[in-house]
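The values are calculated or read from the model by the stated rules, or taken from the named source; none is laboratory data. This is a predicted model, so every value here is computed, not measured. Don't worry about glycine lacking a Cβ; one is built from the backbone with ideal geometry, like all the others, and counts go over all protein chains shown.
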4 protein chains.
Amino acid sequence: MGRVPAQKIPVAILGATGMVGQRFIELLQDHPWFELVGLAASDRHNGRRYDEVARWRFPNSEMPAAVAAMPVFPSRPEALPPVKIVFSALPNEVAGEIEQSFARAGAAVFSNAKSHRMAADVPLLIPEVNADHLAVIAQQRRERGWSGFIVTNANCASTPVVMAFKPLQEAFGLRKAFVTTLQSISGAGYPGLPSYDILDNAIPYIGGEEEKVESETLKMLGSWQEGQGFQNAPLVVSAHCNRVPTREGHLECASIELGHEVSPEEIIEAWESYRPESQTLGLPSAPEKVLLYRQEPDRPQTLRDRDAGNGMTVTLGRLRRCPLLSYKFVMLGHNTIRGAAGGSVLNAELCVSKGLI
Amino acid sequence: MGRVPAQKIPVAILGATGMVGQRFIELLQDHPWFELVGLAASDRHNGRRYDEVARWRFPNSEMPAAVAAMPVFPSRPEALPPVKIVFSALPNEVAGEIEQSFARAGAAVFSNAKSHRMAADVPLLIPEVNADHLAVIAQQRRERGWSGFIVTNANCASTPVVMAFKPLQEAFGLRKAFVTTLQSISGAGYPGLPSYDILDNAIPYIGGEEEKVESETLKMLGSWQEGQGFQNAPLVVSAHCNRVPTREGHLECASIELGHEVSPEEIIEAWESYRPESQTLGLPSAPEKVLLYRQEPDRPQTLRDRDAGNGMTVTLGRLRRCPLLSYKFVMLGHNTIRGAAGGSVLNAELCVSKGLI
Amino acid sequence: MGRVPAQKIPVAILGATGMVGQRFIELLQDHPWFELVGLAASDRHNGRRYDEVARWRFPNSEMPAAVAAMPVFPSRPEALPPVKIVFSALPNEVAGEIEQSFARAGAAVFSNAKSHRMAADVPLLIPEVNADHLAVIAQQRRERGWSGFIVTNANCASTPVVMAFKPLQEAFGLRKAFVTTLQSISGAGYPGLPSYDILDNAIPYIGGEEEKVESETLKMLGSWQEGQGFQNAPLVVSAHCNRVPTREGHLECASIELGHEVSPEEIIEAWESYRPESQTLGLPSAPEKVLLYRQEPDRPQTLRDRDAGNGMTVTLGRLRRCPLLSYKFVMLGHNTIRGAAGGSVLNAELCVSKGLI
Amino acid sequence: MGRVPAQKIPVAILGATGMVGQRFIELLQDHPWFELVGLAASDRHNGRRYDEVARWRFPNSEMPAAVAAMPVFPSRPEALPPVKIVFSALPNEVAGEIEQSFARAGAAVFSNAKSHRMAADVPLLIPEVNADHLAVIAQQRRERGWSGFIVTNANCASTPVVMAFKPLQEAFGLRKAFVTTLQSISGAGYPGLPSYDILDNAIPYIGGEEEKVESETLKMLGSWQEGQGFQNAPLVVSAHCNRVPTREGHLECASIELGHEVSPEEIIEAWESYRPESQTLGLPSAPEKVLLYRQEPDRPQTLRDRDAGNGMTVTLGRLRRCPLLSYKFVMLGHNTIRGAAGGSVLNAELCVSKGLI
């Protein structure tokens, strides 16, 4: 077990009215370590009640009553109640500077935006994959003169890829990967895609997404060492990203080239037995199983598997030989939970457990 | 121009009540060369009117009045009116023997079933791709002692692949290909997928489909020579096949390795200028453009591009460098027209034009 | 509180492999009063494991491991382990005789089929609406010479109607009602509607459904008295039934004529305060609120409200004046839970609580 | 036959970039009487090419090349090329004043907005229903001092109602009607409903829609007489409006009370034989059949019947007795063609034919 906070830590959400912001609210409700004390959104909402400025977007839950009555503040450190942790669901266009201002003011910022993901002193973190990258934070604070820090989490399409690849990379080496995604509409936020554009349609384009999958994966599977910084993993990824008319969950097809010949059983064993250190820390949002392999020939499916492990488990299936590379398989992750807000919350839990907060 | 029949050629449809059977009916209505005189289906319907045994499945057309009143016959050559051409929409389980009985009885059989696709003396034909494979028919007739013959067309997912690859293979050589499909529900026939299984879902499995894409492509892009038979193209294909909730049209993402370095402009030029001999024959079902490249970054899309060229054109787009192979791109073909009934009708037109019928 | 069983009561499911059968399995898992000991289905499955003969249809749950290993028996009382309660998800065509054979053999049969719904000695039961109709069971047993009995539950479209109408009928009288339904695909069972028929479509026809809504409602809102039998409620209902592409939940629009002038507040108060005797009995499947009125102008919605009260609550909204009758409003109920298996389980709980089992 | 213009009449479109604006473009392409010479939209687009400021929204057509190159003007009469006819697809918020400025400047304005629909001197016109209401235009011009005039067309949900009711009103009298709609997403324009709100959902609320159906119907089915103005039809309508996940087409269920007892055959005959004067004028956009009755028990369906008569025919079906009023039936109309742009174009054709332009 890692460190457990003696009392609840006050936290705030930036970009609290959007879809990822609302996932944060949902996940922080009744959180055993964190207490949501501040909501920030567009300046024009300053001081109004949350339920006056936001409608609840999730169909299967309600806006928590306590949150409905909370005031909404501008996205400035001095405007919000004092917090130790800030979860950012800000849009990429504005996230960069605002997140920095909070880190400068002493908060640990956990960001979903892409602004700082590829920065040389910012970890792009998945606790089960690269917890050791947290070592860069000391450098980040030192060089930037911050008392707080910024940790980012990956794009929703990159996340399942990295999680499925990590045990294989560790056990067998991983050299090449093709990834084709079938991504849900919620990945575009709210209002996101007009229904007229996507009902009875599949769209083979999501702006910037392929580049993210191809680059973020390498950073996360790579190494960080004092003095050397981040080194990309010696892996080449080629991504095709598509939007399909499903509500939640990104289904992804992969072909991979391993470092040496292994049997399918060895691969499945590597996934099923994967138990990184983060799984031993008692983090509240960690799923029972990080990776779940399904034996049925037609799984994972978007609708059936997206909620595995409360949306925090990545489901795998259909492992078979690839005529071109070593193996083919299919993976599925919940895009607004594991691939967004849930990933950030788990990152924050890891930092608390490690004593960084 | 090729040969044009002096008078309409009598044709029949096997498996006339299913979804592909009905596409044949639709496409043969008012066909300038063919006259539909016989409909065959399950024995139990023998002698009943077509509209008593079949409901029309297509939402945007009606059962033609003349067809509604036609009697339905058993699937035996002697039971049907005399025809020169038989279009087969039979299910794979029964197609093999029945199609042979018609060929033996003298008919030219154009089949959608997979039964004979990979046979050593049966062409797997796309007029724009491998019209020269028709040479095998002489051998087929000779060795089997048939007066008729069998020509097959490809699986609906293989068809756009082969059509998009052919000009590249010719111009630059083609060595490797990854193909991931997003296939429409109509590809499963009728009743096909229960709505409860596919609404808000994506399913990464279609039984036997990946194997077809990986093998049929090689045969079609390969060669046939007297005495040597079929030689597969020196190409390796890896396929991932998925079902998504769209009505018609298969969207497919490809990464390809070409024989040598070329520019994107050369590839697009190879596609746009592709004009195989079949396009010079005046075949009634041939589209104006075999391949259409769209410049927009988010095309082709299933809904928007499936009806290009009355469903006979394959639409291409998003050509860009691939980090692993030479290029990535997207293609889209109409699965029940180009990828099924329309492909068969075009095959029959080619055989007429070439004097084989 | 009513009677609580001293030990778990053994129960069986007829028609255990279909969609409603699987809802029974789901709802009986970990049930505090009932223990599932027998599964029956088509004779041809006799003796095989449940997971060999059935695939699990619900996307958000798994086949319970204990059930997967259970053998499947023929639908005959002597073939099954001894049970006191039988839940029937049999299709209408066969339900009649089989259900009778179990009642004759001593079981309390809770049926979803329409076979006995309108019989003069069979209750059509919703615990919150017409628990007093259970009095007919004494007559049923006496006249039929059965040691067991049959209780039916209403059609999935009738159920929310009756539940919404009951408090209004009691408080104000109810004379006329228009009901137009927007019903989900799961209402047609599995495989139900082919996806090709319903994707991007609305179908204004469900065989026999309108007649059920128009007649079942009157029986359930009517009375039963010894010697006089069932008297229909003095109400006329006109129903329009439609299928729309939603997964679960039936949305229904109603216009009603009340017995006298009342204010909207009085109606909402009648719904919100409705607490029938069954709510005082501690029935395990009873929802906290039988009826829930939403104040938002655009609620209830199929996706957002179907799971209210674990699918056992009927959600109401949009109460407003009707230019023709007294009021208009909207209601929503979960069709495979409250409108099918969940309704039957609640009926069984009521019978146990009342000492009938 | 009515008057046919000697040469093409120059026309313009206001609100040319939205969904209804694009339907106008589509319908005016190759129109035999009208020539599109002006496109107006938001001031900020002034002078830019249409294809620079608008993306084409319809999946089954392309932006006409000639239109793509046209400049976009501000919505002021003096800014546009001189035109005799203006088609307005302006949003309700701005339509009122802008449309008036064009009528004042001499144009015949055909509007889809609700701004002037209920005005005492503006016809709410469907050529097949109330062509005689055009008589009010003389008054409108006189009192307002305009050389042009404004004609409006009905809300997309009201249109099929009025067209189905008119022959019944004429033949039998019509007193009461319940109408429940299942409306497509395109009725909300573009971007309209976010896909996250409507996929797997039905929403029982469309702001202001029920009021429109209840009031517009009465005006259109009512009379206009010099000196007396508009008199509403002696009819009461109660409407329930719902949004469902279909792309195009509004399905509507009605129960109606006729003036006296008639047989179903008489009603169907009244629909099928309905041939108003407008059908004798040779209007280019008039469908062959105004009303089409389908005998199948499950028609009309949204997907199957929306394109009847190129989207200008209203399809009827399922006529049956109503337990409360005289009859129930189902109707379907294409919302963006007959219920919007197509209706306006037909109105303009009528005015030309009648010599008003």
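Values computed for the structure shown
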| quantity | calculated |
| --- | --- |
| Out of A:P74, A:P32, A:P91, A:P64, sole residue that is away from chain C (no Cβ under 14 Å) and modelled with pLDDT under 95 | A:P91 |
| Condition met for C:E143 (part of a helix (DSSP H, G or I) and either surrounded by fewer than 20 Cβ atoms within 10 Å (Cβ to Cβ) or at pLDDT below 95 (or both)) | yes |
| Given (1) without any contact (Cβ under 8 Å) to a residue 40 or more places away in the chain; (2) away from chain B (no Cβ under 14 Å), index of the condition D:R55 fails | (2) |
| Number of the condition not met by D:S215 [criteria: (1) closer than 28 Å to D:M1 by Cα; (2) under 18 Å from the mean Cα position of the chain (by Cα); (3) crowded, with 17+ Cβ neighbours inside 10 Å] | (1) |
| A:L221 assigned by TED's automatic domain parsing to the domain that holds A:L316, touching a Phe, Trp or Tyr at 6+ places or on another chain (Cβ under 8 Å) and not hydroxyl-bearing (S, T, Y) | yes |
| Counted residues, the stretch D:48-82 - those being out of contact with any helix residue (DSSP H, G or I) (no Cβ under 8 Å at 6 or more places or on another chain) and surrounded by 18 or more Cβ atoms within 10 Å (Cβ to Cβ) | 2 |
| Residues located in the stretch D:83-94, provided they are under 16 Å from D:G148 (Cα atoms), buried (at least 21 other Cβ atoms within 10 Å of the Cβ) and not β-branched (V, I, T) | D:F87, D:S88 |
| Residue check, D:R304 crowded, with 24+ Cβ neighbours inside 10 Å, over 20 Å from the mean Cα position of the chain (by Cα) and either within 14 Å of another protein chain (Cβ to nearest Cβ) or in contact (Cβ under 8 Å) with a residue 40 or more places away in the chain (or both) | yes |
| Pairs where the first residue, in the stretch D:86-110, is aromatic (F, W, Y) and the second is in a helix (DSSP H, G or I) and at pLDDT 95 or above, C-beta under 6 Å, 6+ apart | D:F87/D:F24; D:F87/D:S344; D:F110/D:S344; D:F110/D:N347; D:F110/D:A348 |
| Residue in the stretch B:314-357 that is farthest from the chain's Cα centre (by Cα), counting only those that are closer than 30 Å to A:S215 by Cα and charged (D, E, K, R) | B:R321 |
| Criterion violated by D:I98 - all others in (1) under 30 Å from D:A164 (Cα atoms); (2) in contact with a Ser or Thr (Cβ under 6 Å, 6 or more places away or on another chain) satisfied | (1) |
| Single match in B:R321, B:R294 (criterion: touching a Pro at 6+ places or on another chain (Cβ under 7 Å), surrounded by fewer than 24 Cβ atoms within 10 Å (Cβ to Cβ) and more than 22 Å from B:N60 (Cα to Cα)) | B:R294 |
| Flag for B:M220 being touching a Gly at 6+ places or on another chain (Cβ under 9 Å) and of a type in the set (A, V, I, L, M, F, W, C) | no |
| Subset of the stretch C:111-127 [assigned to a loop (DSSP other than H, G, I, E, B) and under 19 Å from C:Q228 (Cβ atoms)] | C:M118, C:A119, C:A120, C:D121, C:V122, C:P123, C:L125 |
| Options D:L124, D:L80: the member that is in the same structural domain as D:A40 (by TED's automatic domain parsing), under 21 Å from D:G208 (Cβ atoms) and not polar (S, T, N, Q) | D:L124 |
| B:A40 being under 19 Å from the mean Cα position of the chain (by Cα) and at pLDDT 95 or above | no |
| Subset of the stretch C:1-29 (residues that are farther than 29 Å from C:S184 by Cβ and either at pLDDT 95 or above or not aliphatic (A, V, I, L, M) (or both)) | C:G2, C:R3, C:P5, C:Q7, C:K8, C:I9, C:P10 |
| Residues (touching a Pro at 6+ places or on another chain (Cβ under 8 Å) and of a type in the set (A, V, I, L, M, F, W, C)) located in the stretch A:324-338 | A:V330, A:M331, A:L332 |
| Matching residues, the stretch D:135-173, being over 22 Å from the mean Cα position of the chain (by Cα) and closer than 30 Å to D:R321 by Cα | D:A171, D:F172, D:G173 |
| Residue in the stretch B:298-316 that is assigned to a strand (DSSP E or B), among the basic types (K, R) and under 30 Å from A:D200 (Cβ atoms) present | no |
| Flag if D:L39 is under 30 Å from D:G355 (Cα atoms), surrounded by 15 or more Cβ atoms within 10 Å (Cβ to Cβ) and in contact (Cβ under 8 Å) with a residue 60 or more places away in the chain | no |
| Which listed residue, of A:E277, A:E272, is away from every other protein chain (no Cβ under 14 Å), out of contact with any strand residue (DSSP E or B) (no Cβ under 7 Å at 6 or more places or on another chain) and more than 27 Å from B:R299 (Cα to Cα) | A:E277 |
| First in the stretch D:261-278 and assigned by TED's automatic domain parsing to the domain that holds D:K166 and farther than 22 Å from D:L350 by Cα, second anywhere and among the β-branched types (V, I, T) and at pLDDT 95 or above, Cβ under 9 Å, 6 or more apart | D:A270/D:V262 |
| Unmet criterion (only one of (1) touching a helix residue (DSSP H, G or I) at 6+ places or on another chain (Cβ under 8 Å); (2) under 24 Å from D:R247 (Cβ atoms); (3) buried (at least 23 other Cβ atoms within 10 Å of the Cβ); (4) more than 10 Å from chain C (Cβ to nearest Cβ)) for D:K289 | (3) |
| Test: residue in the stretch D:176-184 that is surrounded by fewer than 24 Cβ atoms within 10 Å (Cβ to Cβ) and farther than 22 Å from D:V94 by Cβ | yes |
| Enumeration of residues in the stretch B:94-126 that are under 19 Å from B:S42 (Cβ atoms), of a type in the set (A, V, I, L, M) and touching a helix residue (DSSP H, G or I) at 6+ places or on another chain (Cβ under 7 Å) | B:V109, B:A113 |
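Here is a yes/no grid of residues against (1) within 14 Å of chain A (Cβ to nearest Cβ); (2) in a strand (DSSP E or B):
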residue	(1), (2)
B:H260	no, no
B:E266	no, no
B:L319	yes, yes
B:V330	yes, yes
B:N335	yes, no
B:L350	no, no
B:L356	no, no
